[in-house]
1. Could you tell me which label, among (i) 0.98; (ii) 1.13; (iii) 1.09, carries the value of Cα Rg over 2.2 N^0.38 Å calculated for this structure?
2. With an 8 Å cut-off on Cα pairs and a minimum separation of 6 or more residues, tell me the relative contact order of region 85-181 in percent.
3. Percent antiparallel among DSSP beta bridges with both residues in the chain, to the nearest 5?
4. Residues with beta-carbon under 13 Å from that of R75, excluding R75: net charge, scoring Lys, Arg +1 and Asp, Glu -1?
5. What GluC sites (Glu not before Pro) does region 16-85 have in DSSP loop regions with at most 10 other beta carbons within 10 Å?
6. Give the carbon-plus-sulfur fraction of the accessible surface of the chain in %, rounded to a whole number; probe 1.4 Å, heavy atoms of protein chains only.
7. With point charges of +1 on the Cβ of Lys and Arg and -1 on the Cβ of Asp and Glu, referenced to the Cα centre of the chain, which listed residue (P32, T59, L157) lies farthest in the positive direction of the dipole?
8. For region 46-119, what's the relative contact order in percent, using C-alpha pairs closer than 8 Å and at least 6 residues apart?
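The values are calculated or read from the model by the stated rules, or taken from the named source; none is laboratory data. Everything numeric here is computed off the predicted structure, so don't read it as measured data. Heads up, the Cβs are rebuilt from the backbone with ideal geometry, glycines too, and the neighbour counts pull from every protein chain shown. Remember, those area values only see protein heavy atoms, side chains included, never the ligands or the DNA or RNA. Shrake-Rupley method; radii C 1.70, N 1.55, O 1.52, S 1.80 Å.
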Amino acid sequence: MSRTASVEATDWLARLRTDARARFEALGIPKPTDEDWRQTNVQPLAPFAATAAGAAAATAAALDALPLAAVLPCRVVLVNGRFDEGLSSLSGLPRGVRVMSLAKELAESPDRWEAYLGRAASVEKAPFVALNTAFFVDGIVVTVDAGVGAETPLHILHVALPGAAPSAIHPRTLVVANAAS
């Protein structure tokens, strides 16, 4: 799996990823005999669950042809788990709401995100949370300043484009909503 060097540049993030991968390896892909997964067979995912999809490009015309994507005033687009600013429509965001690439934020100011990343969902009993934590390459960070009311919905559009081999997409969405937002 290829990751940008910046995503591995901090000790805390490398440790978070290593611990998550170890936890995933201990838990494994859920089986239909596991109580939480008794009605869902996810075993076919096993061969490529830890193989990250490569970067790919989508076109604005293809997205605009989607009924919902074309009419929403605020759209964030992730293509194979990577933030695509060119396909996103963020001009309608209210003042005090920001959407940024997670990979870029981790590269530019990694310590700013340590208090948030990997805190909301535990990897202890959730193999797919552990897998995502171990293998995400990018995603988005949405921050909402204190006291800001965001009346306009933010539509997050995940576009999955096939590659040469089966692979998984591990996007991460981090929302930091400050007091009274």
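1. Among (i) 0.98; (ii) 1.13; (iii) 1.09, the one derived from this structure is (iii).
2. This gives 38 percent for region 85-181.
3. Bridges in the chain are about 40 percent antiparallel.
4. Net charge around R75: -3.
5. The qualifying sites: there are none.
6. The nonpolar share, carbon plus sulfur, comes to 55 percent.
7. Of the candidates, P32 comes out farthest on the positive side.
8. Answer for region 46-119 is 21 percent.
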